[in-house]
1. Is it the case, given these coordinates, that residue 416 is in contact with a strand residue (DSSP E or B) (Cβ under 7 Å, 6 or more places away or on another chain) and under 25 Å from residue 189 (Cβ atoms)?
2. Just one of 349, 360, 331 is within 19 Å of the chain's Cα centre (by Cα), assigned by TED's automatic domain parsing to the domain that holds residue 497 and surrounded by fewer than 15 Cβ atoms within 10 Å (Cβ to Cβ); which is it?
3. Return the residue satisfying two criteria in turn: it lies in region 286-312 and is in contact with a strand residue (DSSP E or B) (Cβ under 8 Å, 6 or more places away or on another chain) and at pLDDT 90 or above, and of such residues it is surrounded by the fewest Cβ atoms within 10 Å (Cβ to Cβ).
4. So, residue 489, is that one assigned by TED's automatic domain parsing to the domain that holds residue 375 and either touching a helix residue (DSSP H, G or I) at 6+ places or on another chain (Cβ under 9 Å) or in a helix (DSSP H, G or I) (or both) or not?
5. Check region 305-324 and report whether any residue there is closer than 30 Å to residue 384 by Cβ and in a loop (DSSP other than H, G, I, E, B).
6. Consider residue 472 against the criteria (1) modelled with pLDDT under 90; (2) out of contact with any helix residue (DSSP H, G or I) (no Cβ under 6 Å at 6 or more places or on another chain); (3) exposed (fewer than 15 other Cβ atoms within 10 Å of the Cβ); (4) on the phi < 0 side of the Ramachandran plot: it satisfies all of them except one. Which criterion is unmet?
7. Please determine whether any residue of region 397-412 is in contact with a helix residue (DSSP H, G or I) (Cβ under 6 Å, 6 or more places away or on another chain) and closer than 30 Å to residue 323 by Cα.
8. Just for helices (runs of 4 or more DSSP H) wholly inside region 385-486: which have at least 3 residues that are within 30 Å of residue 371 (Cα to Cα)?
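The values are calculated or read from the model by the stated rules, or taken from the named source; none is laboratory data. It should be emphasised that the depicted structure is a prediction, and the values quoted were computed from it without experimental measurement. With ideal geometry, Cβ positions are generated from the backbone for all residues, glycine too; neighbour counts draw on all protein chains shown.
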């Protein structure tokens, strides 16, 4: 990014400080602490050309070779855009056996499967977007032996028919994408991911590959332990990106939007992230009024609206203002900026987002503009909604159990027809969805349909409150790590490298706002 971009940010900050000799009178907020042979006649380089590439990126050849010949497991922690998917995709076409890819998002699966099929590679996906009939036909095709790569969500392994079929097959590679979702200490824990170790034991693949863009040392160890690949060969690439210029500035209210306008004015393509849907629309409207075309994207839009926006941006570029619902799997090389309006949930979330900038190697800016008091409250509220305390889970279950007993008439199972909103009003708990998610993991609640739940009254309902509260405390700790990172004056990339246990950067980057101020 040109030096003038940071200068613009500094000038705007100086103007705002000059307009008021003192900061607004704001209530201080307390920070919560808390070996296998390959088919004859095809070399790795020849297989690479199938994917349209002429050379491997840093670390790819070594990781692919280990995936093809090893049996102890592979852990790849490579930055966004470093070509992680090729680590399992290329070996899949050099084997006559099946590669299973576990992926967290339907859109991500579809994108990869579409690309493989366009290259003439027989890849297939089975997920909730398919009808029951289509899922059975797809599974039959897999069992026939003609499919090279099968993409599934982790929840698919809850299906007995699917498991019976897969366990009869000779699986070569079991690849776990976005593997940080396995760890309770990761930034995007997903319970079904934590069950994959048992799946691997039943399927017994020759090689297990875990891949993610971000993982602390603790999360790396947790991934390997959960997947039973403690002896995995690890390919860890530096998180340092010399073409990214990092900056953070504290601003108040809508004044944050002006910082966004100042940075994005001279660029065609970039991403602006907000914590809420409402703010995504507000920032987009603010930019449009300033004569800067910008689209907004969030999970509240219809599937048609989201697809239209994502397709338009993927093909033509432009400025997208979005919540975290947008971004995973995008591969535009010319994203010149990634801006966060407000606080991210964690350094991992923030780093994964900025990894979408500058994939072509050209200078790009990664700016965070935050109103600490309000934005911190927003993130704590979101944690409350997704990570309930042990006390909340126990209290909600006590109410739901009493309600179910009245409906059960002495039976061990009761059907409750009630929306989560009504449950919240009657029970007095705001985070009903998160409480139900935990109860589902314990087998006490099952979703039958919208506003319809099955409640089991004949199962052990003692909770490990320590574990529940520990998960919440970890989320708060990560948020506090991020706020410290934003507010302290040390070189930002040195701090990022230290956080992820990366010793590759020994001196200040010389480009971030802290280094150039």
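1. Values: in contact with a strand residue (DSSP E or B) (Cβ under 7 Å, 6 or more places away or on another chain): yes; under 25 Å from residue 189 (Cβ atoms): no.
No.
2. Values: 349 fails: surrounded by fewer than 15 Cβ atoms within 10 Å (Cβ to Cβ); 360 fails: within 19 Å of the chain's Cα centre (by Cα).
One residue alone meets the criteria, 331.
3. Narrowing region 286-312 to residues in contact with a strand residue (DSSP E or B) (Cβ under 8 Å, 6 or more places away or on another chain): 287, 292-298, 306, 309-310, 312.
Next, only the ones that are at pLDDT 90 or above stay: 287, 292-298.
Numbers: 287: 22, 292: 15, 293: 10, 294: 21, 295: 19, 296: 26, 297: 23, 298: 21.
Among those residues, the one meeting the criterion is 293.
4. Working: assigned by TED's automatic domain parsing to the domain that holds residue 375: yes; either touching a helix residue (DSSP H, G or I) at 6+ places or on another chain (Cβ under 9 Å) or in a helix (DSSP H, G or I) (or both): yes.
It is true that residue 489 is assigned by TED's automatic domain parsing to the domain that holds residue 375 and either touching a helix residue (DSSP H, G or I) at 6+ places or on another chain (Cβ under 9 Å) or in a helix (DSSP H, G or I) (or both).
5. yes
6. Unmet for residue 472, out of (1) modelled with pLDDT under 90; (2) out of contact with any helix residue (DSSP H, G or I) (no Cβ under 6 Å at 6 or more places or on another chain); (3) exposed (fewer than 15 other Cβ atoms within 10 Å of the Cβ); (4) on the phi < 0 side of the Ramachandran plot: (3).
7. Looking for residues that are in contact with a helix residue (DSSP H, G or I) (Cβ under 6 Å, 6 or more places away or on another chain) and closer than 30 Å to residue 323 by Cα, one finds none in region 397-412, hence no.
8. Numbers: elements: 390-408, 420-427, 432-441.
Result: 432-441.
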